[in-house]
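Q: Here you go, one structure.
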Amino acid sequence: MIQRDHIIDQAMEMFATQGIKAVRMDDIARSLGVSKRTLYEQFGDKQGLLLLAMNRYFERMQQRYAEMTASARNVLEEMFMVLGEVMASSEVTNRMAANLKKFYPEVHDKLTEAYLCKRTEELRLRLEKGIADGLFVRDINIELAISVLYYTASALVVRRDLIIPKGMSEREAFVQIVSNFFRGISTARGLELIDDYLTRYHLSSNNEENKEI
């Protein structure tokens, strides 16, 4: 018998690539070579499988963040990396979120609440670490900083057309907005690290452009 985890992984891939509404339980069963009855016996219905598949999707995102930030030199660079990955994957994530909200609102609300709690706690821990490491000033209101950063980043990935000026790339807008936020809460040492990161980022971007040419 096909393992439960394999079914969830396959459903997750299909929902992400083909669309949540478009993928039927028949399609998932056919792709796995099992009967639809097997899926219903294990997961109840599509909504039950969908909730597990979307939780798996966000777990995989967390794994990517952990692997990616393992080489970060400090918490500032770590936060730039994570927010950059959020920006890079926003098209797929936003599309799935919109489908969930429209067709499966209960699943959407459960996932949104859990996701928001996790992201908020992660931001809090990173900001606290930045303060402890002497990169962020001690008198910042952490809760306010979390709200500003979270909702600014969310606006950037959800309503790009409203806040990105013509002629500016999404990535460049992201880097400028996020770096300006961090400048506002950083110590002198934090500012040095931001400048160092931006220098290396621009060098990397220029190298990529040269490769394309």
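Q: I'd like to verify a number: residues in the stretch 15-39 that are farther than 26 Å from Asn94 by Cα and either more than 30 Å from the chain's Cα centre (by Cα) or surrounded by fewer than 12 Cβ atoms within 10 Å (Cβ to Cβ) (or both), how many?
A: The number of residues fulfilling the criteria is 7.
Q: Tell me whether the stretch 161-169 contains one or more residues that are closer than 25 Å to Thr17 by Cβ and surrounded by fewer than 15 Cβ atoms within 10 Å (Cβ to Cβ).
A: There is at least one residue in the stretch 161-169 that is closer than 25 Å to Thr17 by Cβ and surrounded by fewer than 15 Cβ atoms within 10 Å (Cβ to Cβ).
Q: Go through Phe80, Phe58 for me and flag whichever is touching a residue at least 40 places away in the same chain (Cβ under 8 Å), of a type outside the set (A, V, I, L, M), part of a helix (DSSP H, G or I) and not assigned by TED's automatic domain parsing to the domain that holds Phe182.
A: When all the criteria are applied, what remains is Phe58.
Q: Go through the stretch 128-152 and report how many residues are touching a residue at least 12 places away in the same chain (Cβ under 8 Å), aliphatic (A, V, I, L, M) and under 17 Å from Glu192 (Cα atoms).
A: 2
Q: Oh, and also: Any residue that is in the same structural domain as Met79 (by TED's automatic domain parsing), over 20 Å from Leu198 (Cα atoms) and either in a helix (DSSP H, G or I) or modelled with pLDDT of 95 or more (or both) - is there at least one of those in the stretch 173-183?
A: Looking for residues that are in the same structural domain as Met79 (by TED's automatic domain parsing), over 20 Å from Leu198 (Cα atoms) and either in a helix (DSSP H, G or I) or modelled with pLDDT of 95 or more (or both), one finds none in the stretch 173-183, hence no.
Q: With Tyr65, Tyr40 as the choices, which residue is among the hydroxyl-bearing types (Ser, Thr, Tyr) and assigned by TED's automatic domain parsing to the domain that holds Ile8?
A: Result of the check over Tyr65, Tyr40: Tyr40.
Q: Kindly provide the set of residues from the stretch 76-103 that are surrounded by fewer than 19 Cβ atoms within 10 Å (Cβ to Cβ) and among the charged types (D, E, K, R), ordered by number.
A: Matches in the stretch 76-103: Glu77, Glu85, Glu91, Arg95, Lys101, Lys102.
Q: Which condition breaks for Arg73 when tested against (1) under 26 Å from Leu100 (Cα atoms); (2) surrounded by fewer than 16 Cβ atoms within 10 Å (Cβ to Cβ)?
A: (1)
The values are calculated or read from the model by the stated rules, or taken from the named source; none is laboratory data. Everything numeric here is computed off the predicted structure, so don't read it as measured data. We place every Cβ from the backbone using ideal geometry, glycine too, and count neighbours over all the protein chains shown.
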